[in-house]
Structures are given as C-alpha cells and as structure tokens.
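Only the coordinates and a few stated rules stand behind these numbers; no lab work does. Values in this document were obtained by computation on a predicted structure and should not be read as measured data. Glycine also receives a Cβ, built like all others from the backbone with ideal geometry; neighbour counts cover every protein chain displayed.
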Amino acid sequence: MGDPGVVLDLREYISSLDRSSLPRILQVCSGVYFQGSVYELSGSEVCLSTGDLVKVTGLELLSVCCEDIGNNTTFELPLEHSGLFKLVPEDLPYSTIEELVGLQPVGVDACGSFTFISRNELIIDNLTVPAGKEITLLSVEVTENEERRARCQLMGQQGVFADMLIPFSYHGEFYECENDRGYSLQEIMMSDRLCRRRFRKIKSKKCGGPLLFVPIYQIQGIMHMRKNIVKFPSSLEVDVIDVTEQCKDLTFVTPLLLAEIATQPKTTFPTMAEILEAPEANRFFCCSWFTELKKGKHLVLHKRDNTAMVLACTPRGRKAQQYFLISHDYGGQMRRRPREFSSVYELYVAFSRCPGLKVRVTRHCEAVEEEGVPALSVDEQLEVLKLQTVEMSGGDSGPEQKLESLICRRIIEEDEDDDEMDENQEESEEICLPLFTQAHFVEKLPDKKKYCLADLVKNFSLPLEVKVVSCDKDLEKDPLVGLTAVVLEEALEETTVLASLPDSPERCFALPTRWLQMSLCFISDPLPWAEGQTPELHPETVSEVTDHFYHEYHRLTQTDMAPPPRPPKRKPSSSESQKTRDKPKSRTAKKKSSNLPEKLDSLSLDHTKPAHCKRNPPPPPPLESTEEPPPVIPRKSVSENLTTANTYVQTPRKQQKKQRHTERTSSGSDHDYETVDDVIQVPDSIMFY
C-alpha cells in the first residue's frame, strides 16, 4: 500500500492496497476525469472531479491487464483464461535465505517446486554444498528458540536426497532457478507475491517477452453527498492520494434501502431519516401517506416490525372494486355476511374450506331425472354433509356413469307440536346434488355476532365476507365504513417500518419494505418530542392499495396446487339425442343430392318422368329467333335445391332396368334410333332447372 500523502496512479494504488485495511478515503488530485466530467461506466454514472473524496469500501476483481515487457504492448485477459504461465527467474541475487524464502509463490503448496543455487560454497552442519548446486525449498520451521529455518533438500551424486536446515540469517549470493511448473491466471491473482513477478507463456507459438500482470478491480465506494454507491474500474487514469488519517472524523452519507433499514438493530430506533430517493411511480398504493414520500422529506422512524395483515377487497359488482391491506390491530367491529352461490360446485368449494355449511335455496330448480338432479324449492334449507361419487344408471342411452355429487340433508323447521315434530324428523332426507347443477343458494348464518378482525381470522377460514358495523376510532377517516361488504381474502405477514411525519409524530403509518423501492439516510436531527416524553402512537391500520398490487401479490404467492376437478359433462336429453341420431341421415341426403349430376348421365332421354314426381315444371323453351340469343334463366339457390325432395335417386334405377329390358326386346332392330327433337328437349329441361 502506498504511503499516506504520496500521489499515486489509481491502478498502482489499488494493486498495492491491503484489503484488510478497508475502508480507505482517497482524494482525487488530477487526471483525465476532472472538472465535473460525467461518465457512464458499467451502468454506474460516476463524476470524479478534482478534490472529490471517495471512501473505498470494497474491491471486486474484473479482469487482468497483461503487459509485454519485450515490445511494450498491453492486452486484457479474462479471469477464466485457460492458459498456463511459468515464472521468470529474477536476475538480481538475494543476500539472505529470509529474502529468498519471501519469494515462495503460493505458500506450502508450492514447496518442492522452488529451487535456487548459491554462487559460493555452503557449509552447514558439517555438510558442504558446492557452488552452483540446485537446492529445493521444502518448508519453513521454527525451533524452540523461535529461530526460523528453511528445510531444504539436496540431491546427491547417486540420486540420494539429503535434507538440511538453513537459518534465515544465513548470508550468501543466491539466485533463483527456472522451473517448468505452470500457474493459472487465478492462482497468480490470488497470491500477493506472484502478482509482482514476471511470467512467460507455456506452449506458446509466439515467442513473446516476459509478461507482467496487473489486476483490474471494480471499486465500490461512497462519495460525499452521493445517494448511491459508486462503482468504477481501477484502470481509470486518475491520480489519488490517501487521506484516511486526515479525514477519519468525516461523515459520509450512507444511503440505505427500506429493506436494509428493516434489518438495523432495534436500538437504532426511534431515529430521524431523510428520503434520498422516493418511489418512482405509484403502482401499489393509493392512500394519503404515500403522497408524503418525496425526495428530501424528513421522517420519524419509530420501529421495525413484522405486521400481520389481511388482504381484502369489495365484492364484484357494478362499481369498481377497491382493495385494502388491513392490520390485525384494526379497531372496528365486523359482522359476517351470508355468501351467495350460483352452483353446487361453488357450494362444494366453500364446504371444503369450512365444513358444517348450511344454505337456503333462493330459486326454484326443476328435477331432471336423466341427469340425477332433484327438484329444489325456494326457502328450502340444506345442510352440506359430504362429497360422494354416485353411480347413475344410463338407461337406454348407455352404461352407468359415475358422478361426483354433494350429499346434503334437507332441514325441516320444527313445529311446536311434538307429534308434528316427530313426523318432520321422519320426513327429513338426504339428497344428491351433482356438481354441475346450476342452482342458487344463500348461506344461513347461525348468529349475528360482532367480531374484531383478529377473531375472524383466528376462528374462521378465509375468504370471508363481512360488513363493518362500527369504525376504528383511532382513524381520522375509516375507509371501510359505508361499504356494503368487504371480502377478507387472505392473511399475510409483511416486514414494515413504522414511520410518521415530524409535524404529527403520533399519526404513524407502516411502510411495507417489499412493496416500496426507496432509499433513505439517517440524519442527526433531534426527535420531534421532549426527551423521555414519547407520544402515544396511533398507527393507520387500513391502507388502500391498487388492483396492480392485488394481482401482483397473487402472482408472487401463487402455489403449484392442483386445480379443482372440473364438473362432469351433462348427459344429453332424449330430444337432443334424437336430434343427434337424425343428423347423419340429413348428411347422407345432402351427400346424395350433391352426387345427383353424376347419376343423371345414365338417364335415357326418351324416358318420361313418373307421375308422382314433385319436380317443378321446366321453364318454357326459348322463342325461335335468329336475331337475339335466348334469355338466360337464373340458377336456383342452393337452399332451394337442398329442400326439394330427392326424386332422382330412385328413378334412374327403375329406368335402367326398363332400359335394359327395352334393349333386350329390340336388340334385333338395326335402326332403333332416338329422334333428334327428344335429344334437344330433355337436356334443356335439365340445364335450366
């Protein structure tokens, strides 16, 4: 790391920086980036002006810049580079073993591959090492006297290895030997010693000079009066100076997201904060406190908490739906409302969530014996018992069918007379309602008790339809009062920060961290109340949200549950089945009528039409005129042809038989020809029909 007060190039300073010493405060001195120049660097806008202060908080390795010392060229390599590099021995000698051991590349893992020689003869513990003999470094050991020694290995003349301990203080003239071990780019960058060494490519086709590696980091830091964390590469041509000691009492504004504030210790609250970046768009909330979240606004942050809420909405109807987030601390009173069902399947869904359901029929339903649907009368009361698969006889239409039906019991009101009561009990019966039955019911509630929201969520299953009968007195204006009904859909828990405005600190509201993207910073302003006189808080327990919030919440929280079974298809009635059986006949008739022109080719021209044929008479023949062509009679429409009785199918067959008989009887005649007038008249009637 560079000395404090010394101007250094940014890349040089970061390369020599010890990460354990972070954070460090730098001051921009000079360079290309000064006088308020703005640059877009990797998605982060950074303005580095002369005199700016940057508090470096983190470093992230991006890539490696390689400098070829031979031809003075530079190029960049990614960290995933697969090539290997070998060390280039230093030309300068080392005077002590301690200085030489400092070159150990990667630590203990590299022992056994680092060798050196001595220009002079070594005498260690009665062991003489001739000059120029290769010595391999094995490890570093510490004796009882805390003397550090290097354990080395020496190969003898007959291939025998000999170990020896050389004290770190041993003086001499030592030179590093070249070895063939290869290092990856990541290994080189992870070692502080290897980063400062020179390397050469292994198995390279081009014979280049030695390479010097310079890491390029992405610097993360905080600038004075900057709301966001700045990021810029260490390759910027900027000169900096380390002023950490001179500016250690300087306070940098630290921007925090709302979710980060929720992770602060509880001892941090209550405190004052300033909004550095307000929510960009109002997509989720349409309540009064949201309009107060503006840039530069001060807030009182009381505490962080996990708030239990209920997502609610108004029923679907003519008016636009409203959506709310209601806290369990809501002080209003609610009364349950009977639910309405438009089919037996909806009844089954409600029963599966809350057993013991009792309903009243609101519309007459006629019985359909073929489908197994019983008759239902208005004001008839039913108690849902269970779901059961019932076998229905197919009758003449086919085999038996299995239908999922809801087993219900008819409830008959008890009379005062005991005898009549016994008779009514005997008349009670169970009925099967197929799930596809279109009937109308309304829920029968056992009482009209008032509940608070927490009791409703605890004792009943959601969704639940309620009516707010008394408002929350802690609210200035309760938005739930006056609504015809409110549907409590789902219970949830949100991490919130309880905040308020300085001019009314007792009126506070909960900021959900998941749904508000905003940044704040803590400020040293005093709290807006006297010391030790914390005001009584009145939190806003109802927050109106948008339909976008409603649908986005369901999109994020939806689970991969199997959908409910589809209601079975209805059996076709007798009239519908009869129509279905009649359809193939009409198709056959149409098909025959479409083939009619082909069969007319076999008709005999001298055959007269039968008397029972209902065919319309042909148009009159055209007048004989040599000056004008005969008028064109329009063709009949397709629908007329299709509705005309098909009398041409049977007639040709009879004519063919008669024709064959005529041919047999007149086979002996050599001059049995048809007249030309008959040939002309019959085609005319066929063509213009």
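How would you rank Ile275, Ile241, going from fewest to most other Cβ atoms within 10 Å of each one's own Cβ? Provide the component values of the computation, followed by the final result.
On the way: Ile275 20, Ile241 17.
The most exposed by this proxy come first: Ile241, Ile275.
So the label point goes 7 Å from the Cα of Ala308 along Cα→C-beta, right? Which residues of the range 435-461 then have their backbone N under 13 Å from it? Zone members listed by number: 452-460.
Just add up the charged neighbours of Pro528: K/R +1, D/E -1, any other residue whose Cβ is under 11 Å from the Cβ of Pro528.
Details: positive: none; negative: Asp503, Glu506, Asp525.
Net of charged neighbours comes to -3.
Evaluated at q = 0.12, 0.15, 0.25 Å⁻¹, a Debye calculation over the C-alpha positions of the range 90-177 (equal weights, vacuum) places log10 I(q)/I(0) at -0.32, -0.52, -1.51. Note on the range 232-285: dipole from Cβ charges, positive end direction compared against Phe232, Leu250, Ala278; the farthest Cα belongs to Ala278. One chain, two ends: Gln438 and His81. Fully extended at 0.36 nm per residue, the span grows by 121.6 nm beyond their Cα-Cα distance. Amide H to amide H, with H built 1.01 Å from N, Val129 comes under 5 Å of Leu122, Ile123, Ile124, counting only residues 5 or more places away or on other chains.
Of the trypsin sites (Lys or Arg not before Pro) found in the range 295-366, those that fall in a DSSP loop while having at most 15 other beta-carbon atoms within 10 Å are Lys295, Lys297, Arg316, Arg318, Lys319, Arg363. For the range 257-328, applying the loop criterion from DSSP together with a ceiling of 15 other beta carbons within 10 Å to the GluC sites (Glu not before Pro) yields Glu280.
Inter-label distance, Thr96 to Glu430: 9.8 nm, where each label sits 7 Å from its Cα along the C-beta direction.
Counted by Cβ distance under 12 Å from Pro265, the other residues give a net charge of +3, where Lys and Arg count +1 and Asp and Glu count -1.
Applying a DSSP loop filter and a limit of 16 other Cβ atoms within 10 Å to the trypsin sites (Lys or Arg not before Pro) in the range 110-176 leaves Arg119, Lys133.
Rounded if a/c is under 1.5, else prolate if a/b is larger than b/c, else oblate: which is the range 214-333, with a ≥ b ≥ c the root eigenvalues of its Cα gyration tensor?
Details: a/c = 3.18, a/b = 2.22, b/c = 1.43.
Verdict is prolate for the range 214-333.
Rounded to two decimals, the Cα-based Rg/Rh of the range 123-253, with Kirkwood Rh, is 1.15.
Shown is the FRET efficiency for Cys247 and Arg193, computed with R0 = 22 Å from the Cβ-Cβ distance and rounded to the nearest 0.05: 0.10.
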